[in-house]
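Worksheet: one structure, shown below.
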Ligand SMILES: [Fe+2]
Ligand SMILES: [Fe+2]
């Protein structure tokens, strides 16, 4: 809880300004997180347009996606920037970013109320992933969240990291469709097909991914 200094100041923080601040901060301190958030947003918005979503839904999705990993601000940077294999405890620590993201975004009363659900649900895939069991039921369209989940997996596999090289789009789809891989089980197949169509048709510029 933040201290009350005896004065009440109503800070009306605009979502756009906060997103700019957040992206600058994470790009400076956390390996690739800002770029990853923007790549994921680019893909998500293209998918939502292609799948016929309304402008108001697409706007909501844009904020939700740009801030989906905000809970990683609570994960020690040494873990996120580590080039060595992580321990199982460190993986468990990373997983909490979904819950911290929900908590942080819940504090911003001037932001659209729904965006916190994108943060808490983006690693949950039709019975697989985390956090489980999912108690955060809400009115957000599940396919919109599935769009984020597919776009997030696609960019995370494709982008280079300190511990791995970038992966081609073709190989990325192969990994995403591999049902024996626990990390990608349960991804929405219809959304993956739409993404494949967009990439094959050069409708998404993947230049910034490498
Ligand atoms: Fe995440
Ligand atoms: Fe992510």
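A few comments on the model shown:
- Whichever residue in the range 59-74 is buried (at least 17 other Cβ atoms within 10 Å of the Cβ) and more than 18 Å from residue 100 (Cβ to Cβ) and, among such residues, is farthest from ligand 2 (Cβ to nearest atom): 60
- With respect to the stated conditions, residue 48 is under 16 Å from the mean Cα position of the chain (by Cα) and away from ligand 2 (no atom under 12 Å from the Cβ).
- Helices (runs of 4 or more DSSP H) lying entirely in the range 53-131 (those with 2 or more residues that are away from ligand 1 (no atom under 14 Å from the Cβ) and more than 19 Å from residue 148 (Cβ to Cβ)): 77-80, 88-95
- Yes/no for residue 148 being under 23 Å from residue 185 (Cα atoms) and touching a helix residue (DSSP H, G or I) at 6+ places or on another chain (Cβ under 7 Å): yes
Matching residues to (1) more than 21 Å from residue 63 (Cβ to Cβ); (2) within 16 Å of ligand 2 (Cβ to nearest atom):
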residue: 124; (1), (2): no, yes
residue: 144; (1), (2): no, yes
residue: 152; (1), (2): no, yes
residue: 175; (1), (2): yes, yes
residue: 179; (1), (2): yes, no
residue: 200; (1), (2): yes, no
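- Selection count where residues are out of contact with any helix residue (DSSP H, G or I) (no Cβ under 7 Å at 6 or more places or on another chain) and without any contact (Cβ under 8 Å) to a residue 24 or more places away in the chain, scope the range 70-117: 10
- Tally, over the range 29-43, of residues that are outside any helix (DSSP H, G or I) and within 11 Å of ligand 2 (Cβ to nearest atom): 1
- If you go through the range 167-188 and keep only what is closer than 18 Å to residue 207 by Cβ and either within 14 Å of ligand 1 (Cβ to nearest atom) or surrounded by 14 or more Cβ atoms within 10 Å (Cβ to Cβ) (or both), you end up with 167, 169, 172.
Computed from the coordinates by the stated procedures, all read-outs in this text should not be read as laboratory data. Everything numeric in this text was worked out from a predicted model, so none of it was measured. Here the Cβ is made from the backbone with ideal geometry for all residues, glycine too, and neighbour counts use every protein chain on show.
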